[in-house]
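All remarks here apply to the structure that follows.
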Amino acid sequence: MYNKIILAGNLTRDIEVRYTQSGAAIGNTAIATTRKFKSQTGEQKEETLFVDITFFGRTAEIANQYLRKGSKVLVDGRLKLDQWTAQDGSKRSKHSVTVENMTMLGGKDEASQSGYNSAPAGDTYAQPAPSYGAPTEPAPQAAPQQAPVSNIPEIDINEDEIPF
């Protein structure tokens with residue numbers, strides 16, 4: 001089966017980065033995409049979709065360094081279904097995207113207006129996303145500058161820590 005999604009839009013909030021016990025970065029944010037179309041009556045309409053996205057490893061760190069709320073970005077990755085039980089006992093679910101590749105679309109003039117240092121527009125960053133359920137191997141002992149960033153372990157999160 002094939003699971004691939006490509007989205008271009010604006011970030012709806014700054015990236016929230018946290019680190020696993022092994023030091024791997026995980027960045028969470030959301031992207032807003034807009035579709036313009038004409039209705040059957042000929043009226044111009046606009047539909048906006050908000051999708052949660054997750055970056056891993058070096059891509060999460062780069063995104064956190066250069067992107068802010070409102071930044072234009074193109075991401076591709078895998079669609080994922082998140083399921084949980086709410087505190088009231090109801091079952092909840094939502095779709096999100098695990099980002100595999102990211103391209104920053106905003107230009108230097110956009111970044112300078114917001115007061116942030118900017119990476120060159122159009123730079124693409126790719127990070128292999130973890131395959132959940134697969135056994136993880138311990139990272140080889142190496143000098144810090146040579147440590148592989150693609151060995152991202154499975155995350156063990158207590159359901160009480162999830163804010164929704």
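Any read-out appearing in this document is the output of simple, stated calculations on the displayed coordinates, not a laboratory observation. Everything numeric here is computed off the predicted structure, so don't read it as measured data. Here the Cβ is made from the backbone with ideal geometry for all residues, glycine too, and neighbour counts use every protein chain on show.
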Take the range 1-34 and flag every residue that is among the charged types (D, E, K, R), without any contact (Cβ under 8 Å) to a residue 60 or more places away in the chain and not in a strand (DSSP E or B). Arg13, Asp14
Restricting the range 35-75 to residues that are part of a helix (DSSP H, G or I) and not hydroxyl-bearing (Ser, Thr, Tyr), the one surrounded by the fewest Cβ atoms within 10 Å (Cβ to Cβ) turns out to be Gln65
Which numbered condition trips up Gly77, out of (1) free of Cβ contacts under 8 Å to residues at least 60 places away in the same chain; (2) in contact with an Asp or Glu (Cβ under 7 Å, 6 or more places away or on another chain); (3) under 23 Å from Asn3 (Cα atoms)? (1)
So, in the range 83-101, how many residues would count as being in a loop (DSSP other than H, G, I, E, B) and within 30 Å of Ile6 (Cα to Cα)? 1
Does Ala63 satisfy the condition of being of a type outside the set (S, T, N, Q) and closer than 16 Å to Met102 by Cα? yes
